[in-house]
Amino acid sequence: MPHIAVVGSGPSGVYTAQSLVQQGSVPDVRVDVLDRLPCPYGLVRYGVAPDHEKIKSLQNNLRTVLHEDRVRFLGGVEVGPALPPAKLLELYHAVVYCVGAAADRRLGVPGEELPGSWSATDFVAWYSAHPDARDDGFVRGVRTAVAIGVGNVAVDVTRMLARGAAELLPTDMPQAALDVLAASEVRDVYMVGRRGPSQARFTTKELRELATLPDTEVVVEEGELTLDPGYRDPVALPAAVRRNVEVLRSWAARPRRDAARRIHLRFFLRPVEIVEGGGRVAGVRFERTAPDGLGGVTGTGRHEEIGAQLVLRSVGYRGVPLEGLPFDPGSGTVPHLAGRVLRGGVVSPGEYVAGWIKRGPTGVIGTNRPCAKETVASLIEDAPAVVRKELAQDPLTGLLAAGVRPVEWDGWRAIERAETALGLTLGRGSVKIPDWAGLLDAARGASGA
Ligand SMILES: Cc1cc2nc3c(=O)[nH]c(=O)nc-3n(C[C@H](O)[C@H](O)[C@H](O)COP(=O)(O)OP(=O)(O)OC[C@H]3O[C@@H](n4cnc5c(N)ncnc54)[C@H](O)[C@@H]3O)c2cc1C
């Protein structure tokens, strides 16, 4: 009976499992979905913003796959030095790596290490209750925050900084983060891009949402927007970008209102230094840029400083190497041919990749579905050769012998129940458990293991 391991239970891992069991092209296939965390769903649980309930509810679709008879969720299993890829290949017929690309890119400017300067990833992990998150309080004592970058994640963190307690209460955000954000005195949030509005990667829906936040004013500067040739003459822009530009134009034309919080959208500013004051972040120094006529920007030598006590950089994600698996540091991905892992340029039998670690951190959740399908098509094509070997035992027996103590589906269900119970005690809906001990206690309490 073919037994495949999928490493990672984010969208790409779950879509891979779904393709494997649905296509019927690998008869009697069994799929183990391994994840280093005791909880499934990857960035759908630990990245998608808590106030985006509709997108979060995609977890229900992913759940039906992991709940399938032929699919087994094995949480708390980290592939790495203690359980290397070579060992997995002994235990399974094939292994599909869907480990994501959750490391953040650096700005490479002085002051980046100052207290108060964080990656958006750190902030997201904290409000999403990732058990590895560091709890810095982030917004304590902060009146002005700067998010560097104008992509989807920058919009998320900007919005979360501007949300009030009443809007956060119905989310599943962990209580400690909710308490801190509810007491936040942040008044101004700057979201700053080094290029122009016609090059920003947020969607019109995300952009418009910023103007729907209660008691929050979105501020744009007409003089800055008009630096962008695409803003001055949007006719040639793709429709989605043109819509963004039109939204910004309508905001620029509005009279300013008084509001408790302001979101400032700034463009053509490139960070050159995180400024220190009293041993921590006191602001960001930017160089004004200008379009270079080739679709990029060039420095102008003019500078501007924005005073701030919190800086969140959101300039992209990248994959991290997994020991024992090839890695291309240039692209931050695993080299592959239609999803087949390449070792030294040669296909490595039985090893595959899908999702962000295969194609880089781009696209929406749904993009991972065709990506996983392509990989599974390759695996199915290779199946006659790959599934030939006899497995000595159920791979789980081998994993246990290797010292692994997985959290299985019942354990995960127990975590969900514990989160519902926690929410009840707090007068809220389900509330996420933010630490390893709490998660494992909940999971193991269930199985009595
Ligand atoms: C902050 C943020 C917000 C986002 N919001 C949206 C949104 O609103 N809408 C949208 O469409 N897309 C959104 N995305 C994009 C979306 O989350 C990704 O497209 C998707 O999660 C990528 O799927 P993946 O399976 O490749 O990686 P991931 O979702 O990152 O899953 C990887 C999984 O692998 C596990 N893993 C990693 N290393 C190991 C290991 N060594 N051993 C075992 N397991 C391991 C991880 O624990 C994780 O569960 C967002 C992304 C981010 C970063």
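The values are calculated or read from the model by the stated rules, or taken from the named source; none is laboratory data. Given the structure is predicted, the values throughout are model-derived calculations rather than measurements. We place every Cβ from the backbone using ideal geometry, glycine too, and count neighbours over all the protein chains shown. Heavy atoms of the whole protein, side chains included, go into the accessibility calculation; ligands, DNA and RNA do not. Shrake-Rupley method; radii C 1.70, N 1.55, O 1.52, S 1.80 Å.
When only Cα pairs below 8 angstrom with a gap of at least 6 residues are kept, the stretch 104-316 shows a relative contact order of 32 percent. Across the chain, C-alpha contacts under 8 Å between residues 6 or more apart give a mean separation that, scaled by the residue count, equals a relative contact order of 22 percent.
Taking the Cα centre of the stretch 104-316 as origin, work out the dipole magnitude from +1 charges on Lys and Arg Cβ and -1 charges on Asp and Glu Cβ, in debye rounded to 20.
I would put it at about 580 debye.
Among Lys56/Lys87; Lys87/Lys358; Lys87/Lys432, which pairs are too far apart, with a Cα-Cα distance over 30 Å? Too far apart for the 30 Å limit: Lys56/Lys87; Lys87/Lys432. Dipole size of the stretch 1-102 about its Cα centre, with +1 on Lys/Arg Cβ and -1 on Asp/Glu Cβ: approximately 100 debye, rounded to the nearest 20.
For the chain, the longest principal axis of the Cα atoms and the long axis of helix 11-22 meet at an angle of about 40 degrees. The distance linking the stretch 50-126 with the stretch 235-249 is 34 Å (Cα centroid to Cα centroid, whole angstrom).
Less than 5 angstrom separates the built amide H of Thr289 from those of Leu269, Arg270, all sequence-distant by 5 or more or on a different chain.
What residues of the stretch 370-399 lie in the reach of a label at Ala338, counting those whose backbone N is under 12 Å from a point 7 Å from the Cα along Cα→Cβ? It comes to 374-383, nothing else.
Simple rule: put +1 on each Lys or Arg Cβ and -1 on each Asp or Glu Cβ in the stretch 104-229, find the dipole, and look at Pro110, Ala154, Pro197; the Cα lying farthest toward the positive end is Pro197.
Name the most mobile residue of Val99, Val31, Val346, meaning the one with the largest mean-square fluctuation, in a Gaussian network model of the chain with Cα contacts below 10 Å. Maximum among the listed residues: Val346. Taking amide hydrogens as placed 1.01 Å from N in the peptide plane, the amide H of Ala94 sits under 5 Å from those of His3, Ala5, each at least 5 positions away in sequence or on another chain.
With respect to the chain, whose longest principal axis is taken over its alpha-carbon atoms, helix 239-253 is tilted by about 30°. Take the Cβ atoms of Ala385 and Asp69, set R0 to 35 Å, and the FRET efficiency comes out at 0.85. Just checking the listed ones, Gly330, Gly111, Gly299: in the Gaussian network model of the chain with Cα springs under 10 Å, the one fluctuating most is Gly330.
Annotation: amide H-H contacts under 5 Å for Leu34 (H modelled 1.01 Å from N, sequence separation of 5 or more, or interchain): Val6, Val7, Gly8, Leu74. Residues in the chain average 42 Å² of solvent-accessible surface per residue, probe 1.4 Å, ligands and nucleic acids excluded. For the pair the stretch 399-428 / the stretch 145-211, the C-alpha centres are spaced 30 Å from each other.
Calculated [222 nm] ellipticity per residue, helices only, for the chain: -9500 deg cm²/dmol; basis is -39500 (n - 2.57) per DSSP H run with n ≥ 4, divided by all residues, nearest 500.
Could you give the Stokes-Einstein D for the stretch 104-316 in µm² per second, using the C-alpha Kirkwood radius, 25 °C, 0.890 mPa s?
Values: Rh = 17.5 Å.
Stokes-Einstein gives a translational diffusion coefficient of 140 µm²/s.
Between the Cα long axis of helix 409-425 and the first principal axis of the chain there is an angle of about 40°, rounded to the nearest 10. Of Gly307, Gly164, Gly108, the residue with the greatest mean-square motion in the GNM of the chain, using alpha carbon springs below 10 Å, is Gly108. Around the Cα centre of the chain, unit charges on the Cβ atoms of Lys, Arg, Asp and Glu (plus for the first two, minus for the last two) sum to a dipole of about 800 debye. Quick one: pull the percent of accessible area on the stretch 31-73 belonging to carbon and sulfur, 1.4 Å probe, ligands and nucleic acids left out. About 53 percent, which is the carbon plus sulfur part of the accessible surface.
In whole percent, and with a 1.4 Å probe on the protein chains, what portion of the accessible area of the stretch 408-449 is carbon and sulfur? Working shown, then result.
On the way: 1230 of 2120 Å².
Taking all protein chains in place, the stretch 408-449 shows 58 percent carbon and sulfur surface.
A simple rule links phi to the HN-Hα coupling: the Karplus curve 6.51 cos²θ - 1.76 cosθ + 1.60 with θ = phi - 60°, which for the stretch 77-89 gives 10, 9, 7, x, x, 7, 9, x, x, 5, 5, 4, 5 Hz, with x for Gly and Pro. Taking the protein heavy atoms of the stretch 233-386 in the context of the full set of protein chains, the accessible area attributed to carbon and sulfur is 56 percent at 1.4 Å.
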